[in-house]
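All remarks here apply to the structure that follows.
The values are calculated or read from the model by the stated rules, or taken from the named source; none is laboratory data. Keep in mind that this is a model prediction, so the values were computed, not measured. Here the Cβ is made from the backbone with ideal geometry for all residues, glycine too, and neighbour counts use every protein chain on show.
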Amino acid sequence: MTIKRMLCATDFSPASRPALRLAQELARTLKAKLILFHAYERSVPIGDGGYLPSSVLQQMWSATQEAARRNLKRLALSPQGKGVRTSMQLAEGPAPAAIVRAAKKTRVNLVVMGTHGRTGVRRLLMGSVADRVIRTASCPVLIVGGRH
């Protein structure tokens with residue numbers, strides 16, 4: 001299998017850092033292009049029946065997008081990323097579906113992502129993005145544990 005393009009999905013958490021470092025190392029070694037990817041969801045604050053004007057919601061969503069762009073850029077420019085052809089992608093929607101869509105659209109050969117390693121009730125309640133990506137991606141998925 002030749003790896004020319006890789007997608008590294010990140011949620012900017014500490015658990016995603018080992019996956020990013022490994023993806024950067026693999027991309028450098030294989031001379032592959034690395035796509036740094038983040039998915040976000042628009043959410044509406046739930047209050048005590050209060051009202052938020054749509055302009056405030058739009059400002060919140062814009063701030064979320066801008067923060068994600070800054071974080072992706074910071075990762076792309078990190079010292080570990082030197083010598084790696086990197087691009088950045090941001091997508092709106094549930095992370096598992098957005099990751100799989102982006103991987104297919106950009107025709108990557110490998111998805112690299114971290115896992116929080118949740119078990120038991122926490123996993124039942126919060127789900128596992130990694131599990132859903134593994135089950136639905138059309139390319140190999142490399143999962144990197146967060147304890148490395």
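Within segment 56-78, residues that are in contact (Cβ under 8 Å) with a residue 40 or more places away in the chain and under 17 Å from Q89 (Cα atoms) have Cβ atoms under 6 Å from residues that are assigned to a helix (DSSP H, G or I) and of a type in the set (A, V, I, L, M) in no pair, counting only partners at least 6 apart in sequence or on another chain. With respect to the conditions (1) under 19 Å from V144 (Cα atoms); (2) exposed (fewer than 12 other Cβ atoms within 10 Å of the Cβ), F37 falls short on a single one, namely (2). Considering only residues in segment 72-96 that are touching a Ser or Thr at 6+ places or on another chain (Cβ under 8 Å) and surrounded by fewer than 20 Cβ atoms within 10 Å (Cβ to Cβ), the one that is farthest from P14 (Cα to Cα) turns out to be Q89.
Would you say V56 is buried (at least 18 other Cβ atoms within 10 Å of the Cβ) and farther than 23 Å from V129 by Cβ? It is false that V56 is buried (at least 18 other Cβ atoms within 10 Å of the Cβ) and farther than 23 Å from V129 by Cβ.
For residues that are among the charged types (D, E, K, R) and over 30 Å from V84 (Cβ atoms), scanning just segment 23-72, find the one that is modelled with the highest pLDDT. My answer is R42.
Counting residues in segment 5-16 that are crowded, with 17+ Cβ neighbours inside 10 Å, β-branched (V, I, T), touching a residue at least 24 places away in the same chain (Cβ under 8 Å) and over 22 Å from T115 (Cβ atoms) gives zero.
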